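Each value in this text was obtained by applying a stated rule to the coordinates, not by laboratory testing. Here the structure is a predicted model, which means the values were calculated and not measured. Every residue, glycine as well, gets a Cβ built from its backbone with ideal geometry; the counts of neighbours run over all protein chains shown.
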Amino acid sequence: MNPAITLGPLVLPWGLGAVLASLLVAWALGRWLGRRQGADPGDGLWGALWAGALLARIAFIVEYRSAYLAEPLSMLDIRDGGWNPVAGLLGAWLYALVRARRRAPQAWPALRSALMAGTAVFVAGLGALSALPDTDRRLPALTVRSLQGAEVDLRTFQGKPTVINLWATWCPPCVREMPVLAAAQRQSPDVNVVFLNQGEAADQVRAWLRSRGLGLDNALIDETRAAGAVFEQKAFPTTLFFDADGCLVGTRIGELSAATLQERLARIRR
């Protein structure tokens with residue numbers, strides 16, 4: 001199953017879809033109960049949302065603090081997808097409880113019911129995503145080319161955990177995350193980090209890497225974007241994470257930071 005929702009030019013990870021669905025359910029139920037009970041929990045719901053998001057981010061930063069402390073400003077860049085969902089749920093409920101006790105006890109029944117419904121949808125969504133059979137997707141029998149023109153079968157990377165980054169030189173988030181992936185390649189000899197360019201010629205990619213001072217191993221070319229078709233991916237950057245047996249463990253659509261890459265690498269090393 002494609003790990004993203006495609007709406008025209010917009011590509012959203014299913015995880016974000018679960019978040020949006022839970023927010024919609026909580027908001028709709030809260031409004032309906034608020035009208036019936038004469039106490040609108042709207043402000044409490046929004047407050048719980050922001051409190052949950054803040055605590056989810058802080059908890060993730062604390063867990064991967066060594067990576068974030070190396071580049072402190074990256075703590076503010078939420079595009080890296082670094083969140084702790086359990087901490088987020090706890091933060092939302094804690095805010096709601098404190099608010100109900102101190103400021104709006106009359107809105108608590110509606111707020112509680114809305115949060116329970118939103119939490120149920122969120123947990124069910126994450127549970128469904130974790131149950132998706134990613135492991136039936138394997139390193140494909142796909143032949144691409146190195147920058148020197150040699151043929152490379154992606155199955156040859158089986159035997160070690162493997163990260164395949166689908167990227168392009170014209171893609172700003174691809175460019176931003178490239179140093180993070182290059183550093184991981186240098187620092188993690190137990191992992192194959194593969195840079196699979198999509199749709200560009202070898203000369204163009206070689207010149208771009210030279211201009212950036214990037215000396216990469218496993219820099220490959222997929223001029224026909226065959227990998228994007230095989231993995232049903234249209235968005236860049238997309239990073240695919242395989243275990244040592246060649247089974248797909250996870251997919252990240254969007255930019256990675258050192259911290260979120262560290263989290264993903266831990267999964268495929270198990």
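Seen from all directions on average, the chain presents a Cα convex hull projection of 15.6 nm².
With the simple model of a label 7 Å out from the Cα in the direction of the Cβ, residue 58 to residue 186 spans 3.5 nm. Looking at the chain alone, DSSP beta bridges between its own residues are antiparallel in about 65 percent of cases. Modelled label positions at residue 73 and residue 50, each set 7 Å beyond Cα in the direction of Cβ, lie 2.5 nm from each other. The long axis of helix 172-187 is offset from the longest Cα principal axis of the chain by roughly 70 degrees. If you take the square roots of the eigenvalues of the alpha-carbon gyration tensor of the stretch 135-268 and sort them as a ≥ b ≥ c, do you get rounded (a/c under 1.5), prolate (a/b over b/c) or oblate? Verdict is rounded for the stretch 135-268. Sorted ascending by nearby beta carbons within 10 Å, beginning with the fewest, 253, 58, 268 become 58, 268, 253.
Each of 146, 211, 89 was scored by the projection of its Cα onto the charge dipole of the chain, and the greatest displacement toward the positive side belongs to 89; charges sit on the C-beta of Lys, Arg, Asp and Glu.
Label sites at residue 143 and residue 37, each approximated as a point 7 angstrom past Cα along Cα to Cβ, lie 6.6 nm apart. Measure nothing fancy, just the Cα-based angle from helix 258-268's long axis to the longest principal axis of the chain, in degrees from 0 to 90, nearest 10. Taking the Cα atoms of the chain, the angle to 258-268 is about 80 degrees. The long axis of helix 85-102 is offset from the longest Cα principal axis of the chain by roughly 20 degrees.
Under the rule a/c < 1.5 gives rounded, and otherwise a/b versus b/c splits prolate from oblate, where does the stretch 4-130 land using the Cα gyration tensor? Cα axes put the stretch 4-130 in the oblate bin. Shown for the chain: cysteine residues without a partner Cβ closer than 4.7 Å, namely 247. Rounded, prolate or oblate: pick one for the stretch 17-59, where a ≥ b ≥ c are the square roots of the eigenvalues of its C-alpha gyration tensor, a/c under 1.5 means rounded, and failing that, prolate if a/b is larger than b/c, else oblate. Judged from the Cα gyration tensor, the stretch 17-59 comes out oblate (a/c at least 1.5, b/c at or above a/b). Charged side chains reduced to their Cβ positions (Lys and Arg at +1, Asp and Glu at -1) give the stretch 135-268 a dipole of some 220 debye around its Cα centre.
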